[in-house]
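Report on the following structure.
Read-outs throughout are calculated quantities, based only on the coordinates presented, and are distinct from any laboratory measurement. Since this is a predicted model, take the numbers as computed values, not measurements. Positions of Cβ are generated from backbone atoms using ideal geometry, with glycine treated the same way; all protein chains shown enter the neighbour counts.
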Amino acid sequence: MTKKTINIAPNWKTTSEIVIMVLQNKKLDAAGFQNAFEMIREMGTKLDYANEELQKLQPTNNEEQ
């Protein structure tokens with residue numbers, strides 16, 4: 001039998017909706033706020049990295065000519 005890994009991590013849109021719901025919780029304590037802020041920072045870091053990698057794949061003006 002072959003082991004198979006299934007990725008159940010939510011996509012970025014779903015993750016952002018989860019963070020919004022957390023921040024809308026009126027009973028959220030300081031630790032909850034900190035957790036949500038850290039998640040937003042992590043998302044930003046990953047999106048910045050993805051954008052940098054995409055830029056590397058874009059042809060420069062010299063390559064287009």
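Quick grid of which residues meet (1) in contact (Cβ under 8 Å) with a residue 12 or more places away in the chain; (2) outside any helix (DSSP H, G or I); (3) within 16 Å of the chain's Cα centre (by Cα):
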position: Asn7; (1), (2), (3): no, yes, yes
position: Pro10; (1), (2), (3): no, yes, yes
position: Met43; (1), (2), (3): yes, no, yes
position: Asp48; (1), (2), (3): no, no, yes
position: Glu53; (1), (2), (3): no, no, yes
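Whether any residue in the stretch 26-41 is part of a helix (DSSP H, G or I) and surrounded by fewer than 10 Cβ atoms within 10 Å (Cβ to Cβ) is what I want to check. Let's see the steps before the verdict.
Residues of the stretch 26-41 that are part of a helix (DSSP H, G or I), as a first pass: 30-41.
From what's left, surrounded by fewer than 10 Cβ atoms within 10 Å (Cβ to Cβ): 30-31.
Scanning the stretch 26-41 turns up at least one residue that is part of a helix (DSSP H, G or I) and surrounded by fewer than 10 Cβ atoms within 10 Å (Cβ to Cβ).
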